[in-house]
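Data first, discussion second: the structure below is written as structure tokens.
Coordinate-derived values only; no laboratory data. Given the structure is predicted, the values throughout are model-derived calculations rather than measurements. A quick note on method: Cβ atoms are made from the backbone with ideal geometry, for glycine too, and the neighbour counts reach across all protein chains shown.
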Amino acid sequence: MNMRTPLKNARRLGSAKEGADHFWMQRVTAVANLFLGLYLVWLVASLAGADYATVKEALGGPVNAILLLLLIVSATMHMRLGMQVIVEDYVTGEGAKIVCLLANNFFAILVAAASVWAILKLSFGS
């Protein structure tokens, strides 16, 4: 029994084989963001009321810096994937869709690069 529609048979187009990867990457980054976000909330709460030097020293420590870098990478990947889905679903023109997808990628890279630079500057000193 053939489950293909007549249009599918005429075009001979199959799966692009990318949907599952996108789906799983979004779920994995969401779980990572949950744990790393809770860590960030704990870190900020523990540093509440501390002076500038204490906060700078704490954020520049190796464990905190690594976990914050992981959060930055995971959050920007998750943001980029989520916006990509929104653009693909709701932007109708092909030209506008391409421009929006490029802007989405460049914005995510810009946010990640600026955030990573800030953490590395804190970690290695100015």
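A few notes on this one:
- Among (i) 13.2, 34; (ii) 13.9, 39; (iii) 20.6, 72, the entry that matches Rg and Dmax of the Cα atoms in Å as calculated here: (iii)
- A Förster radius of 35 Å combined with the Cβ-Cβ distance from TYR52 to PHE107 puts the calculated FRET efficiency at roughly 0.70.
- For a paramagnetic label modelled on THR5 (point 7 Å from Cα along Cα→Cβ), amide N atoms under 19 Å away belong, within region 69-89, to 89.
- Kirkwood radius and radius of gyration were both taken over the C-alpha atoms of region 65-110, and their ratio Rg/Rh is 1.11.
- Residue of LEU36, LEU47, LEU81 that the Gaussian network model of the chain assigns the largest fluctuation, springs spanning Cα pairs under 10 Å: LEU47
- Computed over the chain, the per-residue total of -39500 (n - 2.57) for DSSP H runs of n ≥ 4 gives a 222 nm mean residue ellipticity of -28500 deg cm²/dmol, rounded to 500.
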